[in-house]
Amino acid sequence: MRPHFPAFEGLRALAAVMVVVHHAAATAGRTRAGVLATPAAVMDSGVAVFFVISGFLIYRPFAAAHLAGEASLRFRSFWWRRALRIVPAYWLALTFFWAIGSFHLGPEWWRYYVFLQIYSKTTVLGGVLQAWSLCTEITFYLFIPFWAAAVGRLTRRGRAPVAELAGCGLLYAAAFVARAVISSQFPGRRGLAFDWLPTNLDLFAVGMTVAVASAWAARDAGVRRVLDRLVTWPGLLWTAAIGLFAWYAYRVGPADFATGYQGWFWQQRQLVLGILTLLLLLPVVFGDQRRGVVRRILMSAPVAWVGSVSYGLYLWHFDWIKRVAGRSDGLGRPLWRGWAGTPQFDTNVLVLLAAGLGVGLLFAALSWELVERPLQRLKRLL
């Protein structure tokens, strides 16, 4: 029986709302964003939360199968289920916004439909901009069954938990090496490589490590007791996460993609995000899920609902924000005045947040009810 983690929808909701706030504040500009400007500037870290969640949820069935000595899900079945979950909803949002003129895809339009836009400087910032992370996710989905198969062979030759954790550690370290090599040897690729799987493997590896621990704890009561003790006070872990986030936002802050993501800054960012997401994840995996204010908030009906439609919110929010704010060409000439209609309101951060969360959630709900959930009935075809 597949285990249930009831607070995960709330964690997804948190990640999605962080991304919405980040885009609303960035669109408004630092002055109009006000007190939101500094924390919102690094709330793109919500993407890191999504990566860690994916690492956990995607890898846990593989880890559990390895520890039990059972066969894992077939590659074809795994990829079919992932495609059903990700591709149709994304294609719908991409095509809709393209059709109403929110952006032009150009002669390489096909790249956006096969998740290859992040590998070209001419397309990386086009289409549904935040979908760069979907390209990273797709690469992870293609990679992980092969990785799991290789680790599975090692687990049959020795202690399964040790082999699993060693594999996660290797992926975590590989990301630091990838960033160091790109930063020093291929500096012109830093802006693109920021989006690639090798430079983000450490975030997925954090989730995978917790997945291995969870699968191990499910089979070993002693391990379970130790891990549950770690989250006796989940509020402390979340307080530490908030403190770490505040330190990073106010003492380090963001950097330009083309020039900032290099050397120690890049490594420090990933290290901080890995620790931050680990602190957020542990209480929703271990411990009594019925106890603690944090867990009750995450499992509350409104928050859980936002989590259930969070993928749609992620896809739909930003282009509605941009429709409200208006846009101009490279010479400053207006291409779209924006719904608000007057310069003093069209970049008001509260208006943009209302559009991102309000209209974004409306379309996310429609996507969930009409596309995403119905298609899940087809997952057993392969």
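Just so it is clear, none of the values below were taken in a lab; they were calculated from the coordinates. Note that the coordinates shown come from a computational prediction; the quantities given were computed from them, not determined experimentally. With ideal geometry, Cβ positions are generated from the backbone for all residues, glycine too; neighbour counts draw on all protein chains shown.
Taking all Cα pairs closer than 8 Å and separated by 6 or more residues, the relative contact order of the chain comes to 29 percent. Give, as a single signed number, the net charge of other residues whose beta carbon lies under 14 Å from the beta carbon of residue 216, with Lys and Arg counted +1 and Asp and Glu -1. Result for the neighbourhood of residue 216: +2. Each Lys and Arg adds +1 at its Cβ and each Asp and Glu adds -1 at its Cβ; summed about the Cα centre, segment 8-377 shows a dipole of about 560 debye. Compute the relative contact order of segment 202-303 as a whole-number percentage, counting only Cα pairs closer than 8 Å that sit 6 or more residues apart in sequence. 41 percent. Around the Cα centre of segment 54-110, unit charges on the Cβ atoms of Lys, Arg, Asp and Glu (plus for the first two, minus for the last two) sum to a dipole of about 220 debye.
Between residue 264 and residue 85, the modelled labels are 3.9 nm apart [label points 7 Å from Cα along Cα→Cβ].
Dipole orientation for the chain: of the candidates 80, 196, 298, 80 has the Cα lying most toward the positive pole (charges on Cβ; Lys, Arg +1; Asp, Glu -1). For segment 164-172, the Karplus equation 6.51 cos²θ - 1.76 cosθ + 1.60, evaluated at θ = phi - 60°, returns couplings of 5, 5, 5, x, 5, x, 5, 5, 4 Hz by residue, with Gly and Pro reported as x.
Rounded to the nearest 500, the 222 nm mean residue ellipticity of the chain from helices alone is -21000 deg cm²/dmol, with -39,500 (n - 2.57) taken per DSSP H run of at least 4 residues.
Going 7 Å from the Cα of residue 147 in the Cα-to-Cβ direction, what parts of segment 101-139 have a backbone nitrogen less than 12 Å from that spot? Within reach of a label on residue 147, which here means backbone N under 12 Å from a point 7 Å along Cα→Cβ, segment 101-139 contributes 137-139.
Does segment 35-104 classify as rounded, prolate or oblate by the C-alpha gyration tensor (a ≥ b ≥ c root eigenvalues; a/c under 1.5 gives rounded; else a/b over b/c gives prolate, otherwise oblate)? Because a/c hits 1.5 or more and a/b fails to exceed b/c, segment 35-104 counts as oblate.
Could you tell me how many degrees, from 0 to 90 and to the nearest 10, lie between the Cα long axis of helix 310-325 and the main elongation axis, the longest principal axis, of the Cα atoms of the chain? Relative to the chain, helix 310-325 is tipped by roughly 20 degrees. With R₀ set to 35 Å, the beta-carbon distance separating residue 288 from residue 162 gives a calculated FRET efficiency near 0.80.
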